[in-house]
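For reference, the structure discussed in these notes is given below.
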Amino acid sequence: MERLDAASAAFVNASGLAKASPMGMGLYRIEPAGKVGSVRTATLQLDVRPKDRLGLSRLLFLLSYAGNQGFRADSVAAAEDRELWSALAESLAQMAERALGRGVLQGYLTVDESLRTVKGRIRISDQISRRPGMLVPLEVSYDEFTEDIAENRILRAALERMGQVPRVRPEVLSRLRQLKGKLDAVTRLPAGAPLPPWTPAG
């Protein structure tokens with residue numbers, strides 16, 4: 001039994017992780033829905049863990065047989081961890097360290113801008129519709145070689161989100177903060193924003 005407000009109960013039910021059934025007087029019975037994971041509201045942190053006889057390591061082993069589990073095939077150095085989120089944070093830190101080991105990835109980003117000089121190509125239709133009869137500023141598009149590309153924006157968002165997860169080991173949080181610091185020049189994705197188009201490596 002858990003005391004919940006109606007909004008938190010609705011959020012738990014919508015997550016698909018557990019079912020919150022009202023018992024009266026603001027109390028809810030919370031039962032797992034056959035999944036493992038975590039959900040957090042302003043007033044509740046709910047973790048659904050595998051049964052002790054299964055354990056996290058066997059759960060991840062079973063997950064390896066899923067059709068699209070989202071993990072890379074590369075071998076990594078690992079240590080056992082009883083906390084799911086600490087284990088995932090460690091994996092993220094290792095992969096981000098590998099990705100940023102040779103420096104921050106750079107690529108070409110198309111920029112649309114209003115300038116007083118020609119750079120790239122002039123967007124004629126925008127120039128006519130926005131500034132009829134005016135010669136400057138010019139509506140131009142050009143490609144800029146920059147760190148502020150979709151891949152880095154997504155990586156920064158992942159590091160930020162994982163850094164806010166409760167009960168991640170302090171030393172892993174410190175590594176996540178250091179990695180995010182390498183991406184300070186990268187635009188931050190607002191919470192809930194769709195992922196920008198990107199191209200998988202390799």
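Within the stretch 192-201, the set of residues being over 18 Å from Val104 (Cβ atoms) and exposed (fewer than 10 other Cβ atoms within 10 Å of the Cβ) comprises Gly192, Pro194, Pro197.
Listed by position, the strands (runs of 3 or more DSSP E) enclosed by the stretch 4-100 that each have at least 1 residues that are over 19 Å from Leu176 (Cβ atoms) and modelled with pLDDT of 85 or more are 18-24, 27-32. Residues that are out of contact with any strand residue (DSSP E or B) (no Cβ under 7 Å at 6 or more places or on another chain) and either within 20 Å of Met162 (Cα to Cα) or polar (S, T, N, Q) (or both) within the stretch 12-43 comprise Arg40, Thr41, Ala42, Thr43, listed in sequence order. Test each condition in (1) modelled with pLDDT of 90 or more; (2) buried (at least 16 other Cβ atoms within 10 Å of the Cβ) for Arg161 and report the one that comes out false. It fails just one condition, (2).
Condition check ((1) within 17 Å of Pro196 (Cα to Cα); (2) loosely packed, with under 14 Cβ neighbours inside 10 Å) across all residues:
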site	(1), (2)
Glu83	no, no
Arg98	no, yes
Tyr108	yes, yes
Arg123	no, no
Gly133	no, yes
Tyr142	no, no
Ala157	yes, no
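Just one of Leu176, Leu183, Leu189 is surrounded by 18 or more Cβ atoms within 10 Å (Cβ to Cβ), under 18 Å from Trp85 (Cα atoms) and at pLDDT 90 or above; which is it?
Values: Leu183 fails: under 18 Å from Trp85 (Cα atoms); Leu189 fails: under 18 Å from Trp85 (Cα atoms).
The unique qualifying residue is Leu176.
The values are calculated or read from the model by the stated rules, or taken from the named source; none is laboratory data. Because the structure is a prediction, the values reported are computed rather than measured. Reconstructed Cβ throughout: ideal geometry from the backbone, glycine too, with neighbour counts over all protein chains shown.
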